[in-house]
Amino acid sequence: MDWIEDSPGAAELPVLTVSELNRMARRALESQLPLLWVEGEVSNFTRAASGHWYFSLKDANAQVRCVMFRGRNQFADFTPANGDHIELRALPSLYEARGEFQLGAESIRRAGAGRLYEAFLKLKAKLEAEGLFDPAKKRALPRFPHCLGIVTSPQAAALHDVLTALARRMPGLPVILYPTPVQGAGAGAQIAAAIRTAAGRAECDVLLVCRGGGSLEDLWAFNDEAVARAIAASPMPVVSGVGHETDFTLADFAADLRAPTPTAAAELASPLRQELRQQLDHLARQLRHHLARRQHGEMQRLDYLARRLLHPAEQLRRQQLALNPLAQHLHRAVRTRLAHEQLRIARLDQRLVTPLHAIRLEQQRLDALDARARRAMEGGRVRRRLTLARLASSLAHLNPEGVLARGYSIVQRENGAIVQDAATLDAGDSIGIRFHRGQVRATVDAVDKA
């Protein structure tokens with residue numbers, strides 16, 4: 001090793017203790033390698049008294065030490081055993097005390113769970129895009145169901161939990177079981193068939209789809225697409241109670257209501273008899289109190305009416321007293337009206353004329369009208385004679401015969417048209433000349449158009 005001492009700068013290198021070296025190595029590992037998933041087979045599994053898990057994870061060519069502290073492994077869904085094929089979410093590190101490389105596990109799942117979860121998310125996104133999980137389509141549960149249907153395995157602990165809860169809450173509520181396997185190959189198709197059978201028979205008001213807790217693989221039948229579609233198509237409301245509170249399946253999203261456990265599903269779907277009895281007792285007390293108040297009020301009203309009630313004789317006396325002023329007022333009004341009418345008749349009698357006097361008055365009026373009519377007729381005849389004479393004189397002045405009698409004549413063409421202008425005639429034209437007495441035919445020799 002003399003060559004190390006002779007190399008340049010060797011004297012300046014720091015001398016580290018083993019603890020310091022391991023600490024530097026741990027920090028380098030944890031800073032350079034991120035939190036990651038590692039798959040392998042469990043071996044040398046040990047549960048310490050402190051609750052921590054120590055084991056190795058190996059494959060065909062290598063292995064690595066692993067530790068999962070109690071604060072982490074208490075949330076695991078299962079306890080691994082030697083030979084189990086698992087996946088760890090872990091942080092690579094170094095155990096300083098022994099200088100051993102190890103993985104500090106944060107979570108654990110069975111191998112293949114990651115692929116199943118990816119398939120779950122993909123199918124969930126598909127069905128959600130179709131509107132299968134639309135909250136607007138969720139239906140409310142009936143407050144007082146007449147019958148409950150349960151889709152689960154007859155051997156499942158979930159059935160016992162549901163029946164126990166129903167017996168505690170509402171013992172008389174009828175229950176119909178639609179048996180089906182809830183785990184294993186083909187379980188999803190059989191669960192969907194059981195849901196469709198319950199829907200077709202329409203025997204119950206609410207349908208419970210139940211199963212106890214388990215791993216993702218155990219609950220995988222409730223992530224079947226056929227199960228989700230059957231739940232969404234059910235004509236009656238569906239309550240999903242699959243697994244524990246932290247477990248979520250497609251059946252939960254498709255159901256009208258999700259319960260964290262089968263027992264909780266039974267509690268959500270059934271009324272609590274004790275609460276109903278308390279409500280009935282409360283309503284009965286309210287009803288008795290209301291009836292007592294109503295009875296007391298009616299008794300007071302009856303007493304008040306009884307005090308106001310009068311004997312019929314007293315009522316008649318009071319009515320007689322009320323009628324006396326009215327009768328006196330009526331008598332005074334009748335006498336006043338009678339006197340007024342007598343006075344009016346006397347006035348009319350004074351204005352009355354005898355028939356003979358009326359006839360004489362009418363005869364005088366007729367004579368006057370006759371004289372006026374005669375005078376009007378005579379005046380009309382005179383006026384008409386004067387008008388007729390005036391019109392006859394005017395007509396005589398306009399008569400062409402009168403003009404001809406004064407020496408004038410009328411020249412006409414052969415067609416009878418009157419010639420008013422010599423310029424309209426030509427030499428050789430035949431014309432007729434009409435005189436006061438008679439007419440002649442002539443021929444034009446020459447025309448002077450000046």
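FYI, it's all coordinate maths here, none of it is from the lab. The shown structure was predicted, so the numbers you read here are calculated from the model rather than taken from an experiment. Here the Cβ is made from the backbone with ideal geometry for all residues, glycine too, and neighbour counts use every protein chain on show.
Okay, here's what the table says:
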{"read-out": "In range of the label at Leu33: residues from segment 92-130 whose backbone nitrogen is under 18 Å from the point 7 Å along Cα→Cβ", "value": "92-108"}
{"read-out": "Square roots of five times the Cα gyration tensor eigenvalues for segment 110-257, Å", "value": "24, 18, 13"}
{"read-out": "13 Å tail of the calculated P(r), segment 85-125, as % of Cα pairs", "value": "63"}
{"read-out": "Under-29-angstrom lysine pairs by C-alpha in the chain, whenever the two are 8 or more apart or on separate chains", "value": "6"}
{"read-out": "Segment 204-257: relative contact order in percent, alpha carbon pairs under 8 Å with at least 6 residues between", "value": "45"}
{"read-out": "Full-extension gain in nm, His290 to Glu203, via 0.36 nm per residue minus C-alpha separation", "value": "27.3 nm"}
{"read-out": "Per-peptide average of other Cβ atoms within 10 Å, ordering 15-22, 231-238 highest first", "value": "231-238, 15-22"}
{"read-out": "Computed E for His340/Arg374 - FRET, C-beta separation, R0 41 angstrom, nearest 0.05", "value": "0.20"}
{"read-out": "Mean-position separation - Cα centroids, segment 62-125 and segment 182-230, in angstrom", "value": "30"}
{"read-out": "Percent of Cα pairs exceeding the 37 Å cut-off, where the set is the chain", "value": "70"}
{"read-out": "21 Å tail of the calculated P(r), segment 47-129, as % of Cα pairs", "value": "39"}
{"read-out": "Average Cα contact separation per residue, segment 43-133, under 8 Å, 6 or more apart, as relative contact order %", "value": "22"}
{"read-out": "Zero-based 5 Å bins, Cα pair distances in segment 404-443, whole percents", "value": "6, 23, 34, 23, 10, 4"}
{"read-out": "Residue among Leu268, His397, Ser93 farthest towards the positive dipole end of the chain, charges placed on Cβ", "value": "His397"}
{"read-out": "Residues with amide H under 5 Å from that of Gly214, placed H, sequence gap 5 or more", "value": "His244"}
{"read-out": "Interchain or long-range residues, amide H under 5 Å from Phe101's placed H", "value": "Tyr95"}
{"read-out": "Distance in nm between pseudo-label sites at Arg23 and His244 (7 Å out along the Cβ direction from Cα)", "value": "3.9"}
{"read-out": "Length-normalised contact order for the chain - Cα pairs under 8 Å, 6+ apart - percent", "value": "8"}
{"read-out": "Kirkwood-Stokes translational diffusion coefficient of segment 305-409, alpha-carbon pairs, 37 °C, 0.692 mPa s, µm²/s", "value": "137"}
{"read-out": "Segment His85-Asp429, extension gain: residue separation times 0.36 nm, minus the distance between their alpha carbons", "value": "108.9 nm"}
{"read-out": "Listed residues Thr180, Thr424, Thr246, most fluctuating in the chain (Gaussian network, C-alpha, under 10 Å)", "value": "Thr424"}
{"read-out": "Point-to-point label distance, Gln278-Val411, nm (Cα→Cβ direction, 7 Å offset)", "value": "14.2"}
{"read-out": "Cysteines in the chain that, by Cβ-Cβ distance, have no pairing candidate under 4.7 Å", "value": "Cys66, Cys210"}
